[in-house]
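The values are calculated or read from the model by the stated rules, or taken from the named source; none is laboratory data. Since this is a predicted model, take the numbers as computed values, not measurements. Methodologically, a virtual Cβ is constructed for each residue, glycine included, from the backbone with ideal geometry; neighbour enumeration extends over all protein chains shown. For the accessible areas, the whole protein counts, side chains as well, though only heavy atoms, and no ligand, DNA or RNA atoms are used. Shrake-Rupley method; radii C 1.70, N 1.55, O 1.52, S 1.80 Å.
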Amino acid sequence: MNNKVKLKIDGKSIQAEGGTNLVDVAKENNIFIPTLCYFKELNPLGTCRICTVKLNGKHTTGCTVKVSEGMNIEVNTPELLDNRKAIIEMLYAEGNHFCPTCEKSGNCDMQNHAYDMGLTVTRYPHVFSDKIVDFTPKRMIMESNRCILCKRCVEEIKTRDGKDVFSFVQRGIKTRVHIDYEQEAKLSEAEALYAMKICPVGAILIKGVAHEQPFGERKYDILGKDVIPSFKSGKAKKEDHEKFIVATTSLAGCFGCHMSLLDIDTGLLDMLEIVEFNKSPLTDIKNFTKRCHVGLIEGGCANEENVHVLREFRKKCDILIGFGECAIMGGIPAMRNFIPLKECLEESYMNGMTSEIGADIIPAHEDLPKLLNNVYPCNEVVKIDYYIPGCPPNAEHIWKVVKSILLGEEFSITHDEFKYD
Amino acid sequence: MAIQDNFPLRSSLMSVLWDIQRKRRFISRDDMTKIAREFNISRMELEGVISFYHFYHRADCGKYTIYINDCVISQYSGRNVIVAAFEEAIGVKMGHVTADKMFGLFKSPCIGLSDQEPACLINFQPFTNLTPFKIKEIISQIRNGKRAYEICDTPKSVIQYTPVIDKTVFCKPYTPYSSLSFLKKYNPEEIIEEIKKSNLAGRGGAFFPTGLKWQFCRQNKADQKYIICNADEGEPGTFKDRVLLEEHPELLIEGMIFAAYSVGASLGAIYLRAEYRYLKEKLEKVLFKYRKEGKLGKEISAKIPFDFDIYVHLGAGAYICGEETALIHSMEGKRGEPSTKEVFPVEKGFDGKPTVVNNVETLCAVPRILEMGVDSWLAIGTEKTPGTKLLSVSGDCEKKGIYEIEWGMNMREFIKLTGAKDAKMIQFSGPSGELLSEKDFDRNISGEDLSCGGSVMIYNDTRDLLHILKNYSNFFVEESCGICVPCRTGNFLLNKKINKLILGHAEEKDLADIIEWSKIIKTTSRCGLGQSSSNSLNDAMKKFPEIFEKRLSENTDFNKAFNLEKAIEEYDNIINDLSTTYE
Ligand SMILES: Cc1cc2nc3c(=O)[nH]c(=O)nc-3n(C[C@H](O)[C@H](O)[C@H](O)COP(=O)(O)O)c2cc1C
Ligand code: SF4
Ligand code: SF4
Ligand code: SF4
Ligand code: FES
Ligand code: FES
């Protein structure tokens, strides 16, 4: 059959078989349209919207377009690139994506897109979704807080007698995927594994096998691309003979990020040529003694004191950098946001395995900082200028960013240095 | 055999659910298991359908279920007093059911009675122009054994304005069956030709040329085709379809007959929103009459005789089901999620067959056009939009109700007709339409300029714009189908921004965010809901910048929405609580 059509993608003239899927045609011509829900040409789901392109000037999803004569398609305009990034960010904000603790990390399509786009933080406030994590099914665990509602599982996984195993329930922001237990039990081991495999994120997990493949050797650990982060131009100002002043602190974090700071070995000495530390656990200076160019924040805000320290940093530093997942989105401590504070405290001090029999006291004293109702990412308390993701972030990554901010140098980060997990 | 039986089995799912819901007041787990077995689907798939529609309940919603309109027009008509009166009369708060399961009190988006608010539905029977006194009466009558249908009101069709008689299209008497003589005069292609010549465009809001739609459907060969009338009328503030259904069901049915004849469809359905359930029986009576007269059914006499019949399909509460592809899914007994847009219903619609979906007003116009002749029709209105338009007017004006206006009318002239003396803002074509300010009042109502689906909500300067926008935003958050992230979460995030503005925590950056985020939502959402949900907010920022500026606080590096005192309150309470109980 010869049914060649001519079309234009980003100004490039292209010949293709009429009626083939645009995403595939673009790929053959080395133009990459990111996709997340696109799975089968036969039945494009069109749910995730990240493949949004412009077709003859109108927005539409690339995965649902079949190419025909004379089409003019825009893929990589600044607007469209930002739209895509925005959608990924929205997906991150809408669910609870604690990549460092996620079974899918390294095999996750969404995470990989985020790496490719150099995503360090979402522009949206976190929703901290509190949907159920369902352990009831025979083989599977459904972690709805990671589900991006791509609908692959709903459309693709059926029992042999043709019934749906996964279904959307509720609507709007409450929509989630629910497993039908009776049908799930009918699936064979292989079918269940297939369900986990086609889920582009870590929402469908199979009990006992989710961790089988070692981290670091997964699909995108090998395939990932390097990124060139975008930083606002301009650099920190200082007199020539002075050093840059840097302060650091660890709020509700594990100090892992600070350990990573020291991980550049002798590089640290070079660093000290241009940088002087002020308030920081590294110097043990407890109070600011001068105004700082840069403040590095590890951890989010879990208690009153964290908030005071963070606000103090905002006042005393020109530029604030949040480094590590905890600072950016609350990280592991924020997992308590889904459990009432009272239960957390009772579990820690009264009912936990390590508390004494009959313990009935939750420590409270005026010298103890009061706990906040939730753990807050730093940018929900003060304005944060830059973010360095990772748990902990790679040492090279941290210093490249700091140096670039201080000196205004451009830099690129390898995939390995950039990863969140 | 009922007409429904000619449709695929699954399309009866919603009416089976309605039966159970009406009998038991909720759909129990056991019922779900049985229904799932009956329809040969998984229980969870069924639950997905049930939980999509807000009128299906999974817990007892009371023998008498009261729904009160939550929209802004209702609020400005004194909704709060009415809610309080109900709460007092039945003894439970909004969202709850009395202990004896006698009454349940719930909120619902616009119920299509905006000109007679405050209003409510009790067991889907309408009660209008409520007062606390009237509510006491209603509840005590119900307690004394009266049924809702015995004591309910009949919503009035308040026609406030029509053009001179030979320019009036809809709001004048009609002799049933009279237009059907054209079936004998014209063959199907000729009808399509007439409608194409008339330039009639869809009145559901998208203004797609009706003749063209019918032609496409006719061209697609299939063993079965469908005509669906979209009577979902969900856009807040509109009620013109209700009035047409009430006053001129014959026009609608005959419009559908012409559509069926033209495209070669033998089955039709009226998708009636559940809020209008009180109209169902009447519609069915008229359909019965048409059937008895041989105007529906087998071998309808025409130049080329044909078979066609219509039944009424009841929705169950979901604004998105007004979107034609969502509507089709809903009729198929599925969740009302819109399809992606590469195939249109005229090609693959209901049950995968060519389907025409038309709005009530569009279909009602067809017999009228044939009756008056295309030339007289074209002489009315403007070039792009000939004829007249029904507008539903509510809000701060003297004369609420239906206006049949000739397209092209000047906005100021129109406002004068409504008796609105101090109109400051007008929400035109519903929350997803355009917000108008004084500056727009010199424009004309027409396809060339200010197009309108039917809803006109007028606000005077005592109304708080942000409060109005918040109400719209709540509506879109509630009604998003949830399939695409920009709409389901984007609208939720915009809603939070409006909160920030209301609380005085917003800075300039927040306004910039709103503009940027809206654009993302608008350009990446799958259907018209997401593509238009941020219109009013953005119009408002453009047209009333001073209102927003007033709400801004100074730019700082701190996030004012974070309140430390509030954030530690819970901890303080726990500690206080513990020390008191343990001492
Ligand atoms: C969110 C949304 C809601 C809609 N609601 C309605 C409605 O309530 N009634 C209606 O007739 N059309 C509604 N429409 C428009 C329909 O999709 C469709 O265009 C219309 O029914 C076609 O009929 P027409 O050509 O006669 O206007 C809606 C569209 C969208 C995107
Ligand atoms: S790896 Fe897990 S947490 Fe991270 S984006 Fe993927 S699903 Fe979400
Ligand atoms: S569970 Fe996975 S496959 Fe299913 S809808 Fe969610 S993200 Fe998609
Ligand atoms: S735009 Fe909103 S209503 Fe439309 S398909 Fe997307 S989520 Fe559903
Ligand atoms: S890949 Fe096209 S919408 Fe998801
Ligand atoms: S302390 Fe949590 S990521 Fe560093």
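With the structure loaded, tell me whether A:His178 is within 14 Å of chain B (Cβ to nearest Cβ) and in contact with an Asp or Glu (Cβ under 8 Å, 6 or more places away or on another chain) or whether it fails that test.
So A:His178 passes the test.
Restricting the search to the range A:331-351, which residues are assigned to a loop (DSSP other than H, G, I, E, B), touching a residue at least 24 places away in the same chain (Cβ under 8 Å) and over 20 Å from the mean Cα position of the chain (by Cα)?
Going through the range A:331-351, the residues assigned to a loop (DSSP other than H, G, I, E, B) turn out to be A:331, A:339-340.
Filter once more, so that each one left must be touching a residue at least 24 places away in the same chain (Cβ under 8 Å): A:331.
If the condition is that a residue be assigned to a loop (DSSP other than H, G, I, E, B), touching a residue at least 24 places away in the same chain (Cβ under 8 Å) and over 20 Å from the mean Cα position of the chain (by Cα), then no residue fits.
Tell me which residues, restricted to the range B:478-490, are over 11 Å from B:Tyr319 (Cα atoms) and either within 7 Å of chain A (Cβ to nearest Cβ) or not in a helix (DSSP H, G or I) (or both).
First, pick out the residues of the range B:478-490 that are over 11 Å from B:Tyr319 (Cα atoms): B:482-490.
Across the range B:478-490, the qualifying residues are B:Gly482, B:Ile483, B:Cys484, B:Val485, B:Pro486, B:Arg488, B:Thr489, B:Gly490.
Quick one: which residue in B:Asp557, B:Asp572, B:Asp539, B:Asp513 is modelled with pLDDT of 95 or more, open to solvent by 10 Å² or more (accessible area, probe 1.4 Å) and within 8 Å of chain A (Cβ to nearest Cβ)?
Sole residue among the options that is modelled with pLDDT of 95 or more, open to solvent by 10 Å² or more (accessible area, probe 1.4 Å) and within 8 Å of chain A (Cβ to nearest Cβ): B:Asp513.
Is it the case, given these coordinates, that B:Lys519 is at pLDDT 95 or above, surrounded by fewer than 21 Cβ atoms within 10 Å (Cβ to Cβ) and touching a strand residue (DSSP E or B) at 6+ places or on another chain (Cβ under 6 Å)?
no
For B:Lys500, indicate whether it is at pLDDT below 95, part of a helix (DSSP H, G or I) and not assigned by TED's automatic domain parsing to the domain that holds B:Glu235.
yes
Could you check, for the range A:322-338, whether at least one of its residues is over 20 Å from B:Lys560 (Cα atoms), more than 10 Å from every other protein chain (Cβ to nearest Cβ), touching an Asp or Glu at 6+ places or on another chain (Cβ under 6 Å) and surrounded by fewer than 17 Cβ atoms within 10 Å (Cβ to Cβ)?
yes
Any idea which of (1) within 11 Å of another protein chain (Cβ to nearest Cβ); (2) open to solvent by 20 Å² or more (accessible area, probe 1.4 Å) is the one B:His505 doesn't satisfy?
(1)
Sort out which residues of the range A:121-135 are within 12 Å of another protein chain (Cβ to nearest Cβ), among the β-branched types (Val, Ile, Thr) and open to solvent by 30 Å² or more (accessible area, probe 1.4 Å), and write them in order of number.
A:Val127
What number of residues in the range A:51-81 are surrounded by 13 or more Cβ atoms within 10 Å (Cβ to Cβ), more than 8 Å from chain B (Cβ to nearest Cβ) and within 16 Å of ligand 4 (Cβ to nearest atom)?
Total satisfying the criteria: 2.
Mind checking which residues of the range B:310-337 are in a loop (DSSP other than H, G, I, E, B) and free of Cβ contacts under 8 Å to residues at least 12 places away in the same chain?
none
In the list A:Ile328, A:Ile384, which residue meets the criterion of being closer than 24 Å to A:His97 by Cβ, touching a residue at least 24 places away in the same chain (Cβ under 8 Å) and not in a loop (DSSP other than H, G, I, E, B)?
Details: A:Ile384 fails: not in a loop (DSSP other than H, G, I, E, B).
A:Ile328 is the lone residue from the list that is closer than 24 Å to A:His97 by Cβ, touching a residue at least 24 places away in the same chain (Cβ under 8 Å) and not in a loop (DSSP other than H, G, I, E, B).
Each row is one residue, and each column tells you yes or no for (1) more than 16 Å from ligand 1 (Cβ to nearest atom); (2) crowded, with 20+ Cβ neighbours inside 10 Å; (3) in contact (Cβ under 8 Å) with a residue 60 or more places away in the chain.
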{"position": "B:Ser429", "(1), (2), (3)": "no, yes, yes"}
{"position": "B:Ser432", "(1), (2), (3)": "no, yes, yes"}
{"position": "B:Lys439", "(1), (2), (3)": "yes, no, yes"}
{"position": "B:Arg443", "(1), (2), (3)": "yes, no, no"}
{"position": "B:Ser473", "(1), (2), (3)": "no, yes, yes"}
{"position": "B:Ile483", "(1), (2), (3)": "no, yes, yes"}
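If only one of B:Glu342, B:Glu347 is surrounded by fewer than 19 Cβ atoms within 10 Å (Cβ to Cβ), farther than 17 Å from B:Gly268 by Cα, more than 16 Å from ligand 2 (Cβ to nearest atom) and more than 24 Å from the chain's Cα centre (by Cα), which one is it? Spell out the reasoning first.
Details: B:Glu347 fails: farther than 17 Å from B:Gly268 by Cα.
None of the other options fit; the residue is B:Glu342.
Okay, residues lined up against (1) open to solvent by 20 Å² or more (accessible area, probe 1.4 Å); (2) in a loop (DSSP other than H, G, I, E, B); (3) within 14 Å of chain B (Cβ to nearest Cβ); (4) at positive phi:
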{"residue": "A:Met353", "(1), (2), (3), (4)": "yes, yes, no, no"}
{"residue": "A:Ile362", "(1), (2), (3), (4)": "no, yes, yes, no"}
{"residue": "A:Asn379", "(1), (2), (3), (4)": "yes, no, yes, no"}
{"residue": "A:Pro392", "(1), (2), (3), (4)": "yes, yes, no, no"}
{"residue": "A:Val401", "(1), (2), (3), (4)": "no, no, no, no"}
{"residue": "A:Ser404", "(1), (2), (3), (4)": "no, no, no, no"}
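How many residues does the range B:135-178 hold that are outside any helix (DSSP H, G or I), open to solvent by 90 Å² or more (accessible area, probe 1.4 Å) and touching a residue at least 40 places away in the same chain (Cβ under 8 Å)?
Here the count works out to 1.
Tell me, yes or no, whether the range B:52-74 has at least one residue that is open to solvent by 40 Å² or more (accessible area, probe 1.4 Å), within 14 Å of another protein chain (Cβ to nearest Cβ) and in contact with a strand residue (DSSP E or B) (Cβ under 8 Å, 6 or more places away or on another chain).
yes
Taking the range A:267-317 as the search range and keeping residues that are among the hydroxyl-bearing types (Ser, Thr, Tyr) and open to solvent by 10 Å² or more (accessible area, probe 1.4 Å), which one is farthest from the chain's Cα centre (by Cα)? So that I can check it myself, show each step before the final result.
First, the residues of the range A:267-317 that are among the hydroxyl-bearing types (Ser, Thr, Tyr): A:280, A:283, A:289.
Filter once more, keeping what is open to solvent by 10 Å² or more (accessible area, probe 1.4 Å): A:283, A:289.
Details: A:Thr283: 32, A:Thr289: 36 Å.
Among those that are among the hydroxyl-bearing types (Ser, Thr, Tyr) and open to solvent by 10 Å² or more (accessible area, probe 1.4 Å), it is A:Thr289.
In the set A:Ile148, A:Ile141, which member is aliphatic (A, V, I, L, M), surrounded by 19 or more Cβ atoms within 10 Å (Cβ to Cβ), in a loop (DSSP other than H, G, I, E, B) and within 14 Å of ligand 2 (Cβ to nearest atom)?
Matching residue, one of A:Ile148, A:Ile141: A:Ile148.
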